[in-house]
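Structure record follows, encoded as structure tokens.
Any read-out appearing in this document is the output of simple, stated calculations on the displayed coordinates, not a laboratory observation. Keep in mind that what you see is a predicted model, and the values were worked out from it rather than measured. In this analysis, Cβ positions are derived from the backbone assuming ideal geometry, glycine residues included, and neighbour counts consider all displayed protein chains.
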Amino acid sequence: MSTRSLLPSILCLVLAACAIATPSSPSAIPTQVPTSAPTPVAVEEPTPIPTPSPVEDVTNPPQPTSPPAATSSTLVLRQAPGNFGCDAIGVEYRSVTFRINRESEEQVVAVTDGGKNLRTSWSPSFYGTGTADPVIRDAAADIVVRDGDILPMPDGTWPRLHGYFVCAGTDTLAVLDRDPE
């Protein structure tokens, strides 16, 4: 007989002894212990709770730590997060020049007028294409950026690149297909 099947019987005996005995009446404690073996009790094993399968969040896919390798006709653009917000911080540079280099790990960067490279990110509707003259296009296939294009930073407002909202930061520059909320 297993210990697990004896536990309910032992527990009943202990509870019965505690119910009979009181601190003022020590004689109420039984002096004889039953000699017959306790009746086995069937104990059902608990049903395991099924573990839910992982759910993929398609609204905010994980971002790669490094961009995948480019094919012969596309550029790899770093994708801007879907819930992107732009802080109202000023920047010290007055313009950026876009540099597109398909041989570089960061294929598209913005270089400030002070010479600092800014990591760029783009809404998913933008894509890079071209081999001899790589460009970035919008969803309508219009060219948004060519290598060497200059974007001035206006005073008192956010910059726009062919009408698209640009969030300029100290280390990054994001081009969004709609204004952040």
Using Cα-Cα distances under 8 Å and only pairs 6 or more residues apart, what relative contact order does region 74-176 have, in percent?
30 percent
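Mind ordering 171-179, 156-164 by average Cβ neighbours within 10 Å, highest first?
The densest-packed peptide leads the list: 171-179, 156-164.
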Separation of the ARG102 and ARG178 label points, Cα + 7 Å toward Cβ, nm:
3.2 nm
By the Cα gyration tensor axes a ≥ b ≥ c (a/c under 1.5 gives rounded; else a/b larger than b/c gives prolate, otherwise oblate), the shape of region 137-181 is oblate
Along principal axes, largest first, the alpha-carbon spread of region 74-176 in whole Å comes out as 36, 29, 21
